[in-house]
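Worksheet: one structure, shown below.
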Amino acid sequence: MTEHVITLKNFFEEARAGRLTALRCGGCGQLVIPPKEFCPQCRQRQWHSVPLSGAGTVVSFTVIRIPPRGRAAEAPYAVAVVRMDEGVSLLGRISDVPLNVLKTGMSVKFRPLVSEHQTVIGFSPA
Ligand SMILES: [Zn+2]
């Protein structure tokens, strides 16, 4: 039996469609996101896809005031480490939250930021 296991490429395709998927290691049970080739804990490659609810909490964040080339119009914006309810942490861009209101401990929900050429992991208020 071949099991469909998510790769980095379809991780972003799924994210674009609004689905956030983690991988659970069949060796040690570690949950990772985004997908990695080998388990960082036990070095095995026995992944099982785990759909996440998309709900999480802001653990820390950084305000980007000087953005990468071509994104000047988007600054300032915040990039946060969000701890998902399932226990994995993920880096994402915060949207729909004024920067002076954003704080750690805030409940957020995954929302993909889709543009023509790319999908960015985003979070907005829960
Ligand atoms: Zn493992």
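The values are calculated or read from the model by the stated rules, or taken from the named source; none is laboratory data. Not measured: the values here are computed from a predicted model. Glycine also receives a Cβ, built like all others from the backbone with ideal geometry; neighbour counts cover every protein chain displayed. Accessible surface areas use protein heavy atoms only, side chains included; no ligands, DNA or RNA. Shrake-Rupley method; radii C 1.70, N 1.55, O 1.52, S 1.80 Å.
Assorted remarks:
- Taking the criterion of being farther than 19 Å from S115 by Cβ, open to solvent by less than 70 Å² (accessible area, probe 1.4 Å) and among the hydrophobic types (A, V, I, L, M, F, W, C), the residues of the range 64-93 that qualify are A80, V81, V82, M84, V88, L90.
- Residue match in the range 22-31 (condition: within 28 Å of H117 (Cβ to Cβ), surrounded by fewer than 18 Cβ atoms within 10 Å (Cβ to Cβ) and under 13 Å from the mean Cα position of the chain (by Cα)): no
- Selected residue (only one of R69, R16, R83, R45 is over 19 Å from the mean Cα position of the chain (by Cα) and more than 16 Å from the ligand (Cβ to nearest atom)): R69
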